[in-house]
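Each remark here refers to the structure printed beneath this line.
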Amino acid sequence: MFKKYRQVYVIKEVHENKFQLCKVLNEYETDKEVTDDLKRLLADEITEKDLLKDFATK
């Protein structure tokens, strides 16, 4: 069956009267952790699903 993951979104104001809707894939304690996972995600070493699995355990 399908595993339900937490669906978390944030609204971020990037400029005056300009906003972004962002999906949260995971949360981190340090900027190094998030940067490392972003690099791994962009290099196809991990997937969004991998990050969501980890996020579901927090």
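Quick look at the numbers
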| quantity | calculated |
| --- | --- |
| Relative contact order of the chain, defined on C-alpha pairs under 8 angstrom at six or more residues apart (%) | 33 |
| Debye, to nearest 20: dipole size of the chain, +1 on Lys, Arg Cβ, -1 on Asp, Glu Cβ | 380 |
| Residues Asp37, Asp50, Asp44 arranged by fewest to most Cβ contacts within 10 Å | Asp44, Asp50, Asp37 |
| Rg over Rh [alpha-carbon atoms, Kirkwood Rh] for the chain | 1.03 |
| Derived scalar couplings ³J(HN,Hα) [the stretch 23-37; Karplus, 6.51 cos²θ - 1.76 cosθ + 1.60; whole Hz; x for Gly, Pro] | 8, 8, 9, 6, 10, 9, 8, 9, 5, 5, 4, 5, 5, 4, 5 |
| Loop GluC sites (Glu not before Pro), the chain (other Cβ atoms within 10 Å of the site Cβ: 15 or fewer; DSSP) | Glu16, Glu27, Glu29, Glu45 |
| Cross-link reach list, aspartates and glutamates versus Lys12, counting only Cα pairs under 17 Å and skipping chain neighbours closer than eight places | Glu27 |
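Read-outs: derived from the displayed coordinates by stated rules, not from any lab. All values reported here derive from a predicted model rather than from experimental measurement. Here Cβ is always computed from backbone atoms with ideal geometry, including for glycine, and neighbour counts include all displayed protein chains.
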